[in-house]
Amino acid sequence: MNVLIVYAHPEPHSLNSALKNVMVEQLLALGHQVQVSDLYAMNWKATLDAADFTLDRQGKPFDPSGDSRRGYEEGLQRPDITGEQEKLRWADTVIFQFPLWWFTMPAIMKGWFERVYAFGLAYGVGEHSATHWGDRYGEGRMIGKRAMLVVTTGGWESHYHPRGVNGHIDDILFPIHHGMLWYPGFDVLPPHVIYQARKMDAQRFEEECEKLNARMKTLGNTAPLPFRRQNGGDYLIPSLILRPDLAEGESGFGVHLQR
Ligand code: FAD
């Protein structure tokens with residue numbers, strides 16, 4: 001299997017860096033091909049802007065999604081963007097690894113999604129009709145690929161309990177899982193979260209490595225999160241509201257999972 005690790009931590013001596021190295025070693029030992037996009041080491045440009053495209057705009061203002069569409073279709077994107085898109089095509093599984101910073105990924109990784117996920121690649125794909133609202137949420141160009149988050153937190157596991165003060169971890173990760181991975185068609189594996197990561201000693205580190213290695217061994221056969229397919233009949237089109245007879249009387253992120 002081809003595994004791409006998109007990794008964001010600025011410090012090569014960090015816990016995240018050590019865990020990333022463990023993961024790479026384990027994946028190689030299992031016979032997989034591995035590529036790592038180490039975003040800080042690559043000096044990845046985090047902002048999507050006009051300089052990302054070598055378009056002649058003929059005086060027209062920068063249009064983030066319109067220019068993305070033309071840039072992608074006509075091969076007018078900057079090489080750092082096309083390089084990452086090529087890695088995405090190559091990968092069977094993509095692992096996104098990061099420390100939780102302000103309840104989401106570090107800005108540099110958000111910028112990876114904004115710039116690499118072009119119009120025509122990750123969104124703006126497929127036809128719209130009375131029964132089909134574009135290829136998204138379970139369909140799209142990432143179909144057949146798996147994705148998984150490896151996340152460290154400062155907070156305790158109980159702080160991310162369904163009734164914990166930080167909010168349930170499933171809710172915090174929902175915009176990434178559902179909006180950034182399921183949307184373009186990835187099968188999304190349950191995340192691997194390492195809580196209270198600053199409280200780490202040699203023994204706990206060994207234990208965490210074992211747990212992470214176990215996840216690497218089952219990458220190919222772990223059941224994905226059972227998100228509902230947008231065009232599978234569960235949502236009314238074009239309102240895209242869940243049918244009233246499903247998860248009756250409920251609302252919130254959880255209704256988008258099949259029970
Ligand atoms: P490090 O600080 O590098 O290491 C953690 C511990 O592991 C240290 O004790 C270190 O000595 C030890 N260690 C490192 N390498 C090894 C090794 N090889 N073997 C054994 N031990 C080792 N947390 C939240 O829960 N929610 C938030 O919203 C949140 N927001 C944040 C925002 C910012 C801007 C920042 C800076 C932090 C935030 N945090 C938050 C905390 C953050 O998630 C944790 O600090 C981070 O996950 C720890 O990972 P690290 O790789 O940076 O750990």
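Filtering M142, M109 for residues that are in contact (Cβ under 8 Å) with a residue 24 or more places away in the chain, crowded, with 19+ Cβ neighbours inside 10 Å and more than 23 Å from Q230 (Cβ to Cβ) leaves a single hit, M109. Annotation: of all residues in region 1-19 being outside any loop (DSSP other than H, G, I, E, B) and more than 8 Å from the ligand (Cβ to nearest atom), the one that is nearest to K87 (Cα to Cα) is L4. Considering each residue of region 114-125 in turn, at least one proves to be of a type in the set (G, A, S), away from the ligand (no atom under 16 Å from the Cβ) and more than 17 Å from W182 (Cβ to Cβ). Of everything in region 20-44 that is under 18 Å from the mean Cα position of the chain (by Cα) and assigned to a loop (DSSP other than H, G, I, E, B), the residue that is farthest from Q85 (Cα to Cα) is Y40. Could you give every pair whose Cβ atoms fall below 9 Å, whose first residue belongs to region 1-16 and is over 19 Å from E206 (Cα atoms), and whose second residue is part of a loop (DSSP other than H, G, I, E, B) and acidic (D, E), counting only separations of at least 6 or pairs across chains? The qualifying pairs are M1/D92; N2/D92; V3/D92; L4/D92. Is it the case that I81 is within 13 Å of the ligand (Cβ to nearest atom), farther than 21 Å from L189 by Cβ, at pLDDT 95 or above and of a type in the set (A, V, I, L, M)? It is false that I81 is within 13 Å of the ligand (Cβ to nearest atom), farther than 21 Å from L189 by Cβ, at pLDDT 95 or above and of a type in the set (A, V, I, L, M). M42 falls short on exactly one of the conditions (1) more than 16 Å from the ligand (Cβ to nearest atom); (2) under 16 Å from V150 (Cβ atoms); (3) in contact with a helix residue (DSSP H, G or I) (Cβ under 8 Å, 6 or more places away or on another chain), and that condition is (2).
When the helices (runs of 4 or more DSSP H) confined to region 61-158 are screened for residues that are under 22 Å from V3 (Cα atoms) and within 21 Å of the chain's Cα centre (by Cα), those reaching at least 1 such residues are found at 79-90, 107-116.
The values are calculated or read from the model by the stated rules, or taken from the named source; none is laboratory data. Note that the structure is predicted; figures quoted are calculated from it, not measured. Methodologically, a virtual Cβ is constructed for each residue, glycine included, from the backbone with ideal geometry; neighbour enumeration extends over all protein chains shown.
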